[in-house]
Every structure is written in structure tokens, then in C-alpha cells.
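The values are calculated or read from the model by the stated rules, or taken from the named source; none is laboratory data. Small disclaimer: the values here were computed from a predicted structure and weren't measured. Cβ placement follows ideal geometry from the backbone for every residue including glycine, while neighbour counts extend to all protein chains displayed.
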């Protein structure tokens, strides 16, 4: 207890066990150094708290960690007075979701508290690695056999964009991916797509078929009248050069609409 630790010391008797007197001198206290570091109790506790997600990841896998904890592990360090978990939490709050954050452009991280060029580069690299991993998965099998992987790839690619984007996945005769390309970019509600340019690129790449997709920034995936009209024109135009339109997908943040699965309606 504190009282015992602070009590006045009681010095032993001047008599030795043999009875011979011996002078007793109290120990002289050593003055504290001015440059001595502060007690490490608080720092050790904070370090232990920060290490817990790493331990749980090692023992239970990444699925056992929250979004904030995973992001904190990726960022690595925080700010003076704000640990890395505060920075991670504020970052997710700023963008609203992990998907929107990971789909952000480089300039969107400028000026954010605790996110300098190095941390922004880490976040951008993670997204690009995820895209490439999904693209490799698409390369391994015919795309018509992996519709879920195609939708995941497109959702990661354009699902969280704040403006409309039209992309084409050009396929060979075995429905394997030749190349993904962004064909057009518009505003929040409007975009112009040129079917002739898509046909020209399909012929240049020697594509036998393709999948096209565009996003709805509003999140609603129900196709508009112009979406249906464009799909009809694309199918007819591509058929003239013996190229098959496998599907037209409307991508939202969480849902996808497939024209092929809905009878091209």
C-alpha cells in the first residue's frame, strides 16, 4: 500500500548480534536525473493495447478484427495525443465506408489529419493489389463461369465512384479476359457512350465477346430508359461484326443488375 511505501524508514539497532557497537549511517538518497525518461507504465499499457489486434490476428485470423483495427494495423502510427485507432476511426467516418475510402483518389487524402503521403500511398497500394488479385482470378477461368468474381471486380473498380463510368471487359473465344478498359466517364447523372468506339476496340483487340458495365453513383441499380436503349444498340451493333455482348451490368455500392439474367429487359 502507498502508506507503507511512504512511511519513515526505521533504522536497525546500533548493536550487532554479537553486542559490538557499530555506527549506523543512513543511505544518502540519489538525486533524480533531469534527463531521465518518465515512468513507462502508461506507454507500456498503450503499447500493449495497440499490440492486441496483432495478437488476435495471429491467433484468430483477420476476420476477428474490426474495420478500425485492420485499418490501424495498415496505417501503423497515429498523431501526438491521438493514437492510430483514433486516426483510423476518423478516416472511416470521413468517407462513410471502407469501400468509398479505398476507392478514393490520391488528392482526396490531402489535408486529412494523420494521413501524410506515405500513409496515403499505403491505402492506394492496398486497393490496387486487391484489383490485381481479382483480375488474376478472372484470368484463370472463363468469365461466364465466374459471374460472382466479375461483379466483385467491377464493384471494386467502379462501385464507389462519385461519377458515372462505363467500362468494357473484352474477352477471347474462350471467354477469358483480354483487357479491361474504361470507355467513358460522365457526371453524377449523365454520361455519353459511343457504341462505334466500343466496336472498333473489340475488333482491334480481336475480341470474340465482351461484358460492359456502368455504375450508378446513387446506389440504385434499376436501369433507366437510356440504359435499356444503349444495351439494345450495343447488342445489335456488335452482332453485325460477330461479337457477342455477354452482359451489361449496372453496378451499385452493394447491388448489381444484370441485363442477361433479366432477359435483356
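Please go through segment 157-174 and give me each residue that is surrounded by fewer than 19 Cβ atoms within 10 Å (Cβ to Cβ) and farther than 22 Å from residue 230 by Cα, ordered by number. Residues satisfying the conditions are 172, 173, 174.
Within segment 76-101, the set of residues being over 22 Å from residue 251 (Cβ atoms) and assigned to a loop (DSSP other than H, G, I, E, B) comprises 76, 77, 78, 80, 81, 83.
Taken together, the residues in segment 175-204 that are under 25 Å from residue 148 (Cβ atoms) and more than 28 Å from the chain's Cα centre (by Cα) amount to 3. Just to check your reading of the model, which residue among 227, 152 is touching a strand residue (DSSP E or B) at 6+ places or on another chain (Cβ under 8 Å) and assigned to a helix (DSSP H, G or I)? Just one listed residue meets the conditions, 227.
A search for C-beta distances below 6 Å between a residue of segment 191-203 that is surrounded by 12 or more Cβ atoms within 10 Å (Cβ to Cβ) and any residue that is in a loop (DSSP other than H, G, I, E, B) and modelled with pLDDT under 95, counting only pairs 6+ apart in sequence or on different chains, returns 191/164. For segment 78-98, residues that are farther than 15 Å from residue 119 by Cα and more than 16 Å from the chain's Cα centre (by Cα) total 3.
When 91, 65, 102 are checked against the criterion of being at pLDDT 85 or above, within 30 Å of residue 182 (Cβ to Cβ), crowded, with 17+ Cβ neighbours inside 10 Å and not assigned by TED's automatic domain parsing to the domain that holds residue 249, 91 stands alone in meeting it. The residues of segment 173-191 that are within 20 Å of residue 133 (Cα to Cα) and in a loop (DSSP other than H, G, I, E, B), listed by number, are 175, 176.
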